[in-house]
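The values are calculated or read from the model by the stated rules, or taken from the named source; none is laboratory data. Keep in mind that this is a model prediction, so the values were computed, not measured. Cβ coordinates were reconstructed from backbone atoms using ideal geometry, including for glycine residues, and neighbour counts include every protein chain displayed.
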Amino acid sequence: MRDTSSARVKINLPFLHLGIEKESYSVSEPTDKITHFWIGDHINLPQIWTNCVWVALLILMVGKVAIAEDAQLRIQIDSSDTYLRVELENSLYRAVIRTNNGGACGIEHAIRDWIIKTAGEDQVNNYIDACAQRGPLVRAEVVYDGPERKTLQAEYADCPQDGHNNSAVIEYSIFPNSPVVRVDYLRYPEKWANTVDLGTPGGTQMGVFRFFGQQAFAAQVRQIVPYPESYWNTYDGGQYRNDPLDGGPLNYNGHLIMAVGNPKNERGFGRIMPVFEQSNRGGTRIIKLLRFN
């Protein structure tokens, strides 16, 4: 762990037109490859430096939050059944990591519930932060347990495919009275891996997508398009061969800022994820927007 005095750059997100439209987010300018985030003018996430592949944020859109001690901040690990079950909780939400039928081993773990407490509303339909190449959770340990942050380290089974190692280690960090789950991908399956969020943002199966730079991207590259097409793709070539490697207008300080929500109640969830940089850091190369039929 080390500190940095690097300047923070604030970005406002009025483009979301959802519950976080009045919040401001900050992405720091670190001196190495690891990225640090802050959410809100009043919440400063701890600056934790780790050797990881890349860092992402999962964000609930729940509006303004109060700053105070959080008696509900906790991580609970249940090993009483065949497969591990983990609950991440604070005053705003309860997230449950449990099994899902799928993935390389036939069973995988993902966030299967993410409930906004004030609304009693689950933002998950199928799963959030799932990965088809990743196996089930085989080890879960709280590696930091302070009043300002609690961190779970999760290790996933290796399900070999095509001779590649698909073991993974991820850290999930939660914070008092904060709508953020920080995800540190310390080790991820070799070659490539997907990250899949299939939820019910704001309680609806037909949420509205919003991206930083969406209007400019539409003018220069393409409009919102649903799966199986890619919204942005620097991996497959073909019809996407001219997509900007750095994300073009979608790129803010090396990151993609995206959300999906229900405009009727201003609830939903979003992600901040780094853009892949060749020989520099891991990150995103493809965005596909899933819709329910």
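If you go through the range 188-220 and keep only what is in a loop (DSSP other than H, G, I, E, B) and either polar (S, T, N, Q) or in contact with a Gly (Cβ under 6 Å, 6 or more places away or on another chain) (or both), you end up with Asn194, Thr195, Thr200, Thr204, Gln205, Gly207. Taken together, the residues in the range 67-108 that are more than 23 Å from Thr204 (Cβ to Cβ), within 19 Å of the chain's Cα centre (by Cα), assigned to a strand (DSSP E or B) and at pLDDT below 95 amount to 1.
Conditions (1) touching a residue at least 12 places away in the same chain (Cβ under 8 Å); (2) buried (at least 17 other Cβ atoms within 10 Å of the Cβ); (3) not basic (Lys, Arg), marked per residue:
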residue: Glu89; (1), (2), (3): yes, yes, yes
residue: Gly106; (1), (2), (3): no, no, yes
residue: His109; (1), (2), (3): yes, yes, yes
residue: Arg112; (1), (2), (3): yes, yes, no
residue: Gln123; (1), (2), (3): yes, yes, yes
residue: Ala130; (1), (2), (3): yes, yes, yes
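For Ser230, the criteria (1) exposed (fewer than 15 other Cβ atoms within 10 Å of the Cβ); (2) within 26 Å of Gln123 (Cβ to Cβ); (3) modelled with pLDDT of 90 or more; (4) in contact with a helix residue (DSSP H, G or I) (Cβ under 8 Å, 6 or more places away or on another chain) hold in every case but one, which is (1). Of the residues making up the range 178-192, those that are more than 12 Å from the chain's Cα centre (by Cα), surrounded by fewer than 21 Cβ atoms within 10 Å (Cβ to Cβ) and at pLDDT 80 or above are Leu186, Arg187.
Across the range 233-252, the qualifying residues are those that are polar (S, T, N, Q) and exposed (fewer than 15 other Cβ atoms within 10 Å of the Cβ), and the one among them that is nearest to Gly283 (Cα to Cα) is Asn242. Restricting Gln239, Gln223 to those that are in a loop (DSSP other than H, G, I, E, B), more than 20 Å from the chain's Cα centre (by Cα) and free of Cβ contacts under 8 Å to residues at least 40 places away in the same chain reduces the list to Gln223.
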